[in-house]
Structure formats: structure tokens, C-alpha cells
């Protein structure tokens, strides 16, 4: 979790730095935008991580239920 949060922040920070630098903006504006990009990137990556985990959990539960249903069907037959 901490790794996802930090990598998202770094990605947002670097993206904002490169975009501001390529647009020839002032250094103080670039750093302000990079700070906002860092926060947004970290929160976005955290949200995406939770969505991915929820999907993996749902898949595992569905597979477990299918295996249990198959085992019950074999017991009855």
C-alpha cells in the first residue's frame, strides 16, 4: 500500500514537472503544479489499487463458490 501511494506521488510529481518544463513555465509555478500532481497521483494510484484488489477478491470468491458447487454436485451424484 505504501509503495503504491509513493509510486503514484512520484509519477504525478514527475509528470507535472516535465509538462511544466516543456511548456516553459516559471520554476515556482512548475513546483506548485508538481506538488498538486504529487497529491493527485498518489490518491489516484491508491484508488486504482483498491479497485484492483476488490476485483481480485471477487474473482477468488467466485472461483471458490464454483469449486464448492462442483464438489456438492459430485457428492450428490
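What follows draws every value from the coordinates through simple rules; no lab data is involved. All figures in this text were calculated on a predicted structure; none of them were measured in a lab. Reconstructed Cβ throughout: ideal geometry from the backbone, glycine too, with neighbour counts over all protein chains shown.
The stretch between residue 10 and residue 62 holds 15.2 nm of extra length on full extension. This uses 0.36 nm per residue minus the Cα-Cα distance.
For the chain, calculate the relative contact order in percent as a whole number, restricting contacts to Cα pairs under 8 Å that are 6 or more residues apart. Mind dumping the intermediate values first?
Details: 59 pairs, mean separation 27.9, N = 77.
This gives 36 percent for the chain.
Shown for 49, 21: other C-beta atoms within 10 Å of each C-beta, ranked fewest to most, produce the order 21, 49.
Counting only alpha carbon atoms, the long axis of helix 2-22 and the longest principal axis of the chain meet at about 40°. When only alpha carbons are used to place a centre, the range 37-77 and the range 15-29 end up 40 Å from one another.
Spin-label model, residue 53 to residue 76: label points 7 Å out along the Cα-to-beta-carbon direction sit 3.7 nm apart. Taking the longest Cα principal axis of the chain as reference, the axis of helix 27-76 is set at about 0 degrees. Placing pseudo-labels 7 Å out from each Cα toward the beta carbon at residue 46 and residue 22 gives an inter-label distance of 2.8 nm. Among the listed values (1) 1.02; (2) 1.34; (3) 1.45, the one computed from these coordinates for Rg/Rh (Cα atoms, Kirkwood Rh) is (3).
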